[in-house]
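Note sheet for the following structure.
Since every read-out is calculated from the coordinates, none of them should be taken as a lab result. Since this is a predicted model, take the numbers as computed values, not measurements. Here the Cβ positions follow ideal geometry from the backbone for every residue, glycine too, while neighbour counts run over all protein chains shown.
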Amino acid sequence: MSHPKRSRHEHSLGRPVETGVAPGTVNVDPQSPSSVMTVIAFGPDAMHEQRLSDVRELPALLGTFPVTWVNVDGLGNADVVHQLGKQFDLHPLALEDTVNTHQRAKVDDYGDTLYVALRMVQGPPLVTEQISFFVGRNFLLTFQEDLEGDSLNSVRDRIRQKRGRVRNAGPDYLLYELLDAVIDGYFPVLERYGERLDELDEAAETVNIGQTLADLHALRRDLLFLRRIIWPLRDAALSLLRGGHSSISHDTQVYLRDTYDHAAHLIDILEIYRETCADLRDFHYSKLSNRTNEIMRTLTVITTPFMLLSFIAGVYGMNFEHMPETKWAYGYFMTLGLMTVIGIGFGYFFWRKGWLRSAEPKSTSATP
């Protein structure tokens, strides 16, 4: 995607659905940007691209070119949504799903029109937006949440430059190209998360454990959110692959296998990263626990000799009259000598047991 910054919350799937409204009601989010329409109409020999100011400009293009792709950026204009729905005879339930941008990836067949919804992603930091597709006999309609760019520029360039077979195919093949572009947009996002995991893994012996655990928690949260949106994406790709949709030709059906394979590959990568993240987190928790045990052992080694020394000092600190050692001229020096010997003896014993050595090298010991 061409614009890295978005105002949308990282893990948001859209605004909450208003309860109690009639099915098929189009209630746009008042905070959504106003709708901007662009159209690319094309055939094997010609192409036309423009920005639309009115839906009434569409009929002329629909009757001139074999395929008309209308893209709507921004869902803040209910009139535009209603007018396009009327122009292309779109089902009200599909229009409702379009403006309620919390949808899981899905495929709904409405007879002459096929509705597909999925999410585009970018990050980290992870942000997503819903994109909806309507495919008919000679048109493809896409709705996006905002105006900050998308992952479809490669498809636009192929249409403009007449590369590939998109100019010679129908709107169903254009749908495949767009779905493939959206799904391929997940790979660089997951690759960046993989690089971040590698960084945390390589620095596992030297970084601050507390900060690393916070980073791992944030990363795991993103991966769980990606898992939440990628699993339905695979199911949607499988639904298209199984066929039975009048809007998808048999020739395009073969290409949709590639879409399903990419979605399955995304899940495999995601599961590996989640396991790696969990392993790193367990490693750091274990390291933190070992560090705590090191501190406790050090305190124990220091405290244990002083317990016996304190006992001796306490015995001779009792003010009994008949204590023969207190009358001896060398009693004080004998007691100090005995306490010194006991201290040295404990130190030698701890050294022979290896309790005075740290379990971790000093150069790689982490600071909690």
Inter-part gap, Cα centre of region 191-244 to Cα centre of region 129-175, in whole angstrom, is 28
The exposure ranking of TRP69, TRP328, TRP231, fewest beta-carbon neighbours within 10 Å first, is TRP328, TRP231, TRP69
Computed, not fitted: 222 nm per-residue ellipticity of the chain from DSSP H runs ≥ 4 (each -39500 (n - 2.57)), nearest 500, equal to -17500 deg cm²/dmol
By Cβ neighbour count within 10 Å, fewest first, HIS245, HIS82, HIS322 rank HIS322, HIS82, HIS245
Here the alpha-carbon Rg of region 215-293 over 2.2 N^0.38 Å rounds to 1.63
Here region 197-202 yields Karplus 3J(HN,Hα) values (6.51, -1.76, 1.60; θ = phi - 60°; whole Hz; Gly and Pro given as x) of 5, 4, 4, 5, 5, 5
Here the relative contact order (percent) of the chain, from C-alpha pairs under 8 Å and at least 6 apart, is 16
Given unit charges at Cβ for Lys, Arg (+) and Asp, Glu (-), the dipole magnitude of region 104-179 about its Cα centre in debye, nearest 20, is 500
HN-Hα couplings for region 216-225 via Karplus (6.51, -1.76, 1.60; θ = phi - 60°), in whole Hz with x for Gly/Pro, come out as 5, 5, 5, 5, 5, 4, 5, 5, 5, 5
Options (1) 121, 43, 33; (2) 51, 47, 35; (3) 60, 44, 43 for Cα extents along the principal axes in Å; the value derived from the coordinates is listed as (1)
Helix 331-353: inclination vs the chain longest Cα principal axis, degrees, rounded to 10, gives 40
If unit charges are put on Cβ atoms (+1 for Lys and Arg, -1 for Asp and Glu) and the dipole of the chain is taken about its Cα centre, the option from SER249, LEU299, VAL70 lying farthest towards the positive end turns out to be LEU299
Here region 29-36 yields Karplus 3J(HN,Hα) values (6.51, -1.76, 1.60; θ = phi - 60°; whole Hz; Gly and Pro given as x) of 6, x, 8, 6, x, 4, 6, 10
Cβ density ranking, 10 Å radius, fewest first, applied to GLU177, GLU195 yields GLU195, GLU177
Listed by chain and number, the aspartates and glutamates with an alpha carbon less than 18 angstrom from that of LYS86, same-chain partners under 8 positions apart left out, are ASP54, GLU57, GLU96, ASP97, ASP109, ASP112
With +1 on the Cβ of every Lys and Arg and -1 on the Cβ of every Asp and Glu, the dipole magnitude of region 36-284 about its Cα centre, in debye rounded to the nearest 20, is 720
Restricting to Cα pairs under 8 Å and 6 or more apart, the percent relative contact order of region 151-292 works out to 33
Taking the dipole of region 36-284 about the Cα centre (Lys, Arg +1; Asp, Glu -1; charges at Cβ), the one of LEU213, ILE267, CYS277 that reaches farthest to the positive side is ILE267
